[in-house]
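A.B. asks: Got a structure for you, questions after.
The values are calculated or read from the model by the stated rules, or taken from the named source; none is laboratory data. This one's a predicted model, so the numbers in the text were calculated from it and none came from an experiment. FYI the Cβ positions are ideal-geometry reconstructions off the backbone, even for glycines, and counts take in every protein chain you see. These area figures cover heavy atoms from the full protein model, side chains too; ligands, DNA and RNA do not enter into them. Shrake-Rupley method; radii C 1.70, N 1.55, O 1.52, S 1.80 Å.
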Amino acid sequence: PGDTSAYIGPFPFTTLFAYDVGVINILSPMSGCNLSATSIIEFDIFNFGGIPQTLTPMGVSINGIPQSINQPNDGVFTGVLGTDSTFTFKFDRTFNFSEPGEYTITVYTQLEEDSVLDNDTTSITIFSAPTIVDFPYEEGFEEDDAFWAVDDVNQLSSWDYGRPEATLINQAA
């Protein structure tokens, strides 16, 4: 009796979906020269949901083509992923990125009860470049880009592959 307090609130709050596991980062492989025919795909999964998760299936596609994963022996997270926790996962199966060119790797979770599908998938584009072993090396870039590319780290490069369309330089030599 007689004990009062000032009115406070309302307080907004949200509750987490119980089941929500997603991929947040692809760690490997990375762009480079002479990528391996036995490369490992390694990535981070995160539990966005409100309860710990286990037995979460994973999938991968390369250049839009789903890759076969021997589930449940491979491609299933069998540990316990606590709420607001990250785990680095890798497939046991290896992948071939030895052929020079560009590869788009898409990794995704396949949790059946997942309530938020927007965070299930992450993609990365890597570049497998050949190593030049015959010297002197000469490239005229007449047929294609010869596997030359601007590194994502060095966006200040003045190199670009294409047809010249500037005022002073408006055609190829």
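A.B. asks: Among E112, E165, which is the only one that is under 29 Å from Q67 (Cβ atoms) and of a type in the set (D, E, K, R)?
C.D. replies: Result: E112 is the single residue among E112, E165 that is under 29 Å from Q67 (Cβ atoms) and of a type in the set (D, E, K, R).
A.B. asks: Still on this model: Exactly one condition in (1) in contact (Cβ under 8 Å) with a residue 24 or more places away in the chain; (2) surrounded by 13 or more Cβ atoms within 10 Å (Cβ to Cβ) is not met by V76; state its number.
C.D. replies: Single failed check for V76: (1).
A.B. asks: Next question. So F147 passes all but one of these: (1) at pLDDT 85 or above; (2) farther than 17 Å from L27 by Cα; (3) not β-branched (V, I, T). Which condition number does it fail?
C.D. replies: Condition not satisfied by F147: (1).
A.B. asks: Open to solvent by less than 20 Å² (accessible area, probe 1.4 Å), farther than 23 Å from A146 by Cβ and in contact with a strand residue (DSSP E or B) (Cβ under 8 Å, 6 or more places away or on another chain): does that describe V116?
C.D. replies: no
A.B. asks: Can you give me the number of residues within the range 119-136 that are surrounded by 15 or more Cβ atoms within 10 Å (Cβ to Cβ), outside any helix (DSSP H, G or I) and within 15 Å of the chain's Cα centre (by Cα)?
C.D. replies: Counting residues in the range 119-136 that are surrounded by 15 or more Cβ atoms within 10 Å (Cβ to Cβ), outside any helix (DSSP H, G or I) and within 15 Å of the chain's Cα centre (by Cα) gives 5.
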